[in-house]
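A short reminder: the numbers here are calculations on the coordinates, not readings from a lab. Predicted, not measured: the structure shown is a model, and the values here were computed from it. Cβ sites come from the backbone with ideal geometry, for glycine too, and all protein chains shown count toward neighbours.
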């Protein structure tokens, strides 16, 4: 039925149809019907028009101005409108609020457009009045009368719900219409209910892009009056539709396919030529039209997106205007932009809002078992869960142990590694209270169950999400969770470190070691640190170690004992117990404690050192923390960031595809120098 243009059958063709269900209207009936359509104006528009006309005529009378004479010369009308905008006041002599002034200008525009076909928004013909109006809005903002509050844009999760819901099921009359409605709104951004209701199939043509060979739907250039909710700078778009809606080959969501199908199902009758007709409850099995011979009501069109989003289970009912705000620019010229321009805006250029990339591990083994998989479904938050768009993910030594299978408790295969991340909140479950979409956060997962953070999106329990201050970037944020929480747990929750103690960070140049150094210096604890390279030693000295030692040198233990006058250290935070635990027991002071943070194998020790010094060896497992302990860890980190003394050190960052190289770096490095992160 559609080639280059949607055609309706002629009246002569219809008259040949011998069917009692048809009625051939008279010219008077048709004129009356069209007149009714043209006169449809909602109550809000009527009120704004009356308000504007009353004020306009009142000011003209007050200033002894003949408005009719000004129509011959736009410059005279321009001058009058400039004075009108600047001089209009409430009855008590005070200025109107910004929103009222915008409503006033809309009414004036509508008046001159309807009565005289004059576009007072044309800055070329009406430069003075438009400049004056803009200056008035700036002035009102300075006076605190900038009270406009636009509703939030549609979140990616809610957009996904809309496109995956039965509300857009093309096998039903209502669903097919909803699908086409959303497509039209996406690509042509027509929100004014009068403009949308006045659309006809013949307003559209299907053409072919000579460069790409792809078909696209084009809306013919046509004058449309601006809508009351049009925002600054969008008037040209409201007047003329130059967008294109391209096909998506081999896709069930192809908007061209949906449009063709929809038009082929419309009722063909000149008495109802409109694009938006009332859908039948079910698709007729006899192949007849899916739609009744009557247009959708103006309120039905105006509330269509609200109905769709509400029935799709979105977090709120979205208006047509919110949809337009989300689709912030028309899809033009580029045929590669696919069905959801919204997703390109909100997800950094990706065309699909429902899929993501992530590292997946199908079997335990060497680092190359980690593979990037595309097209994975973005998880949906439920109950108290938060969906985070990952800006950076932290790489921890424990990630390498799990991936290799060298841990007592292992996840079910396949799985996504990672416990640390930082990014922005994309969606929330119904019971989430502390966060909203758009919040900057960092993540520290407390246990198994949910997918890891080596992904573009990660799902997290609300209790494992924490606000990220604006002065901390995502890479630094990905270095906060496990390293700083672990350091705090080892020092204060397991070893009960006090300012009178001397602490040794055995392997201080890694991310946990640097965190421990910063905590010790802030809490007034004397802290010693070891590293295995000149660069590592310089780093830990910069990060606060009172004295530094190279643990690759043969006599470093003697040097540490000498630094403590032979008494030894009170607390040792150990990063590689399978190599150093016996040395730690020898360096402990009487009643000292070793906190084992990391271990990659077995070691033989002499318990006599533990007995003689009545010392202790404690394990540190972050996921064993109680909720109260987690809250204390997070509070300490927050205080450190706010105070400026917690400063995560990021050594290297790798793209997601190079996760295997990042794991090798963590395990094989001779001397760590801070955090390693992945950037999706």
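Panel order for 610, 548, by other beta carbons found within 10 Å of each beta carbon, from fewest to most: 610, 548. Ranked by how many other Cβ atoms sit within 10 Å of their own Cβ, fewest first, the residues 435, 62 fall in the order 62, 435. With both labels modelled 7 Å from their Cα along Cα-to-Cβ, the residue 310 to residue 627 distance reads 3.5 nm.
Averaged over residues, the count of other Cβ atoms within 10 Å places the peptides 628-636, 565-573, 204-212 in the sequence 565-573, 628-636, 204-212, highest first. Applying 0.36 nm per residue to the separation of residue 522 and residue 538 and subtracting their alpha-carbon distance, the gain on full extension is 3.8 nm. Can you tell me the FRET efficiency between residue 608 and residue 578 if r is taken as the Cβ-Cβ distance and R0 is 25 Å, rounded to the nearest 0.05? Using R0 = 25 Å, I get an efficiency of 0.80. Along the Cα-to-C-beta direction of residue 143, a point sits 7 Å from the Cα; which residues of the stretch 84-126 have their amide N less than 13 Å from that point? Within reach of a label on residue 143, which here means backbone N under 13 Å from a point 7 Å along Cα→Cβ, the stretch 84-126 contributes 85-102. Note on residue 123 and residue 431: the model spin-label points, each 7 Å out from Cα along the C-beta direction, lie 5.2 nm apart. Counting only Cα atoms, the stretch 43-142 measures 35, 29, 25 Å along its principal axes, largest extent leading.
Panel order for 85, 442, by other beta carbons found within 10 Å of each beta carbon, from fewest to most: 85, 442.
Taking a ≥ b ≥ c as the square roots of the eigenvalues of the Cα gyration tensor of the stretch 250-292, is the shape rounded (a/c under 1.5), prolate (a/b larger than b/c) or oblate? Verdict is oblate for the stretch 250-292. Classify the stretch 555-615 from the C-alpha gyration tensor, please: rounded if a/c falls under 1.5, else prolate or oblate depending on whether a/b exceeds b/c. Cα axes put the stretch 555-615 in the prolate bin. Pairs of Cα atoms nearer than 8 Å and 6+ residues apart set the relative contact order; for the stretch 555-680 it is 17 percent.
The slack in the chain from residue 86 to residue 60, taken as 0.36 nm per residue of separation less the alpha-carbon distance, amounts to 8.0 nm. Averaging the Cα positions of each part gives two centres, and for the stretch 361-392 and the stretch 450-484 these lie 14 Å apart.
Hull volume per residue, based on the alpha-carbon atoms of the stretch 482-647 and their convex hull, is 107 Å³. A Förster radius of 60 Å, combined with the Cβ-Cβ distance separating residue 298 from residue 635, puts the computed FRET efficiency at roughly 0.65. Does the stretch 597-670 come out rounded, prolate or oblate, given a ≥ b ≥ c as the square roots of the eigenvalues of its C-alpha gyration tensor, rounded meaning a/c under 1.5 and, failing that, prolate meaning a/b above b/c? It comes out oblate by the Cα gyration axes.
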